[in-house]
Amino acid sequence: MHMPAGKFTNGLIIANVLIYLVIWIFGWEQQALLRGGMFPVRLSGEVPELAAYGWLVPAWLTPLSAAFLHSGLLHLGFNMLMLLFCGRFVEQALGSQLMAVLYVAGAYAAAIAQFAVEPASMIPMVGASGAISAILGAYALLFARNRVDAVGPIPGHVVRIVWLTLAWIAIQLMIGVATSGNLQGIAIFAHIGGFVAGLLLTRPLLEWRFRGA
């Protein structure tokens, strides 16, 4: 399959890699985590324990800032590979601007989903997985071609989406185990939230792009 060009996708990958390198070179990992990570509890109000560190990214912006922070090279590499292989095709279908809308919406949907499940959590969420999950959801709807049989009353296209969702979650679990040796801190519900956002927004975004065509 020919890999289409994707300026926005390439720009996201370059930005993520450069931010990771700068943080790593200067040893700012802890500072970046505290100041730019998405702490679910911050979405409920001020947190004295964090306020002691001084300047923080505003809470309403942390779903986006956290999407550009990664906990390690494997974490970064896997997310960027997923973005590279799915993002360019989705960008070709939606265009750069609507792809950006989907990516940002995925980041916020991921944060909201994680907050809904753990509103008092002090564990920071970092990584582009939530935003990329939205891209994966769009890719699943736009480009999945293999026939999938229905399961009872469940249509085949719904079964495909469920399998893709489960596969994405399973891969994230394996990455978490490989990098930390346990499942603590893996924002599973964030990944689900991002994926669902992709499923819900793809058709409206396509209709918006080609309205009047």
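The values are calculated or read from the model by the stated rules, or taken from the named source; none is laboratory data. Keep in mind it's a predicted model, so treat the numbers as computed, not measured. With ideal geometry, Cβ positions are generated from the backbone for all residues, glycine too; neighbour counts draw on all protein chains shown. Protein only, heavy atoms only, side chains kept; ligands, DNA and RNA dropped before computing areas. Shrake-Rupley method; radii C 1.70, N 1.55, O 1.52, S 1.80 Å.
Leu50 - would you say it is in a helix (DSSP H, G or I) and surrounded by 15 or more Cβ atoms within 10 Å (Cβ to Cβ)?
Values: in a helix (DSSP H, G or I): yes; surrounded by 15 or more Cβ atoms within 10 Å (Cβ to Cβ): yes.
Taking the combined requirement at face value, the residue satisfies it.
Within the group Ala93, Ala134, Ala116, which residue is of a type outside the set (Asp, Glu) and under 16 Å from the mean Cα position of the chain (by Cα)? Explain how you work it out, then say what you get.
Details: Ala93 fails: under 16 Å from the mean Cα position of the chain (by Cα); Ala116 fails: under 16 Å from the mean Cα position of the chain (by Cα).
On inspection, the qualifying residue turns out to be Ala134.
A quick yes/no check of all residues on (1) within 28 Å of Phe143 (Cα to Cα); (2) acidic (Asp, Glu); (3) touching a Ser or Thr at 6+ places or on another chain (Cβ under 6 Å); (4) in contact (Cβ under 8 Å) with a residue 40 or more places away in the chain:
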site: Ala67; (1), (2), (3), (4): yes, no, no, yes
site: Gly77; (1), (2), (3), (4): yes, no, no, no
site: Leu81; (1), (2), (3), (4): yes, no, no, no
site: Val90; (1), (2), (3), (4): yes, no, no, yes
site: Ala93; (1), (2), (3), (4): yes, no, no, yes
site: Met99; (1), (2), (3), (4): yes, no, no, yes
site: Ala111; (1), (2), (3), (4): yes, no, no, yes
site: Ala116; (1), (2), (3), (4): no, no, no, yes
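Taking only the range 117-132 into account, find how many residues are assigned to a helix (DSSP H, G or I) and open to solvent by 30 Å² or more (accessible area, probe 1.4 Å).
Within the range 117-132, the first condition is being assigned to a helix (DSSP H, G or I), and the residues that meet it are 117, 129-132.
Checking which are open to solvent by 30 Å² or more (accessible area, probe 1.4 Å) leaves us with 117.
Selection size over the range 117-132: 1.
Residues are listed down the side, and each one gets a yes or a no for (1) open to solvent by 50 Å² or more (accessible area, probe 1.4 Å); (2) over 18 Å from Ala110 (Cβ atoms); (3) at pLDDT 95 or above:
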{"site": "Met1", "(1), (2), (3)": "yes, yes, no"}
{"site": "Leu18", "(1), (2), (3)": "yes, yes, yes"}
{"site": "Ile23", "(1), (2), (3)": "no, yes, yes"}
{"site": "Gln30", "(1), (2), (3)": "yes, yes, no"}
{"site": "Gly37", "(1), (2), (3)": "no, no, no"}
{"site": "Pro40", "(1), (2), (3)": "no, no, no"}
{"site": "Ser44", "(1), (2), (3)": "yes, no, no"}
{"site": "Gly54", "(1), (2), (3)": "no, yes, no"}
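How many residues are within 20 Å of Arg203 (Cβ to Cβ) and open to solvent by 20 Å² or more (accessible area, probe 1.4 Å) if we restrict to the range 94-116?
Here the count works out to 9.
Mind checking whether some residue in the range 179-189 is modelled with pLDDT of 75 or more, in a helix (DSSP H, G or I) and crowded, with 18+ Cβ neighbours inside 10 Å?
Yes, that holds for at least one residue.
Can you tell me which residue among Leu74, Leu81, Leu61, Leu56 is over 12 Å from the mean Cα position of the chain (by Cα) and not in a helix (DSSP H, G or I)? Give the derivation first.
On the way: Leu74 fails: not in a helix (DSSP H, G or I); Leu81 fails: not in a helix (DSSP H, G or I); Leu61 fails: not in a helix (DSSP H, G or I).
Step by step, each of Leu74, Leu81, Leu61, Leu56 is checked, and only Leu56 is over 12 Å from the mean Cα position of the chain (by Cα) and not in a helix (DSSP H, G or I).
Restricting to the range 3-16, name every residue that is surrounded by fewer than 15 Cβ atoms within 10 Å (Cβ to Cβ) and within 20 Å of the chain's Cα centre (by Cα). Walk me through how you get there before you give the answer.
Filtering the range 3-16 down to residues surrounded by fewer than 15 Cβ atoms within 10 Å (Cβ to Cβ) leaves 3-5, 7, 11, 14-15.
Result: Lys7, Gly11, Ile14, Ala15.
Within the group Phe78, Phe68, Phe85, Phe89, which residue is within 16 Å of Thr9 (Cα to Cα), modelled with pLDDT of 95 or more and not basic (Lys, Arg)?
Details: Phe78 fails: modelled with pLDDT of 95 or more; Phe85 fails: modelled with pLDDT of 95 or more; Phe89 fails: modelled with pLDDT of 95 or more.
Within the list Phe78, Phe68, Phe85, Phe89, the selection yields Phe68.
Residues Ile135, Ile192: which one is modelled with pLDDT of 90 or more, open to solvent by less than 60 Å² (accessible area, probe 1.4 Å) and either in contact with a Cys (Cβ under 7 Å, 6 or more places away or on another chain) or assigned to a helix (DSSP H, G or I) (or both)?
Numbers: Ile192 fails: modelled with pLDDT of 90 or more.
Criteria check complete, one pass: Ile135.
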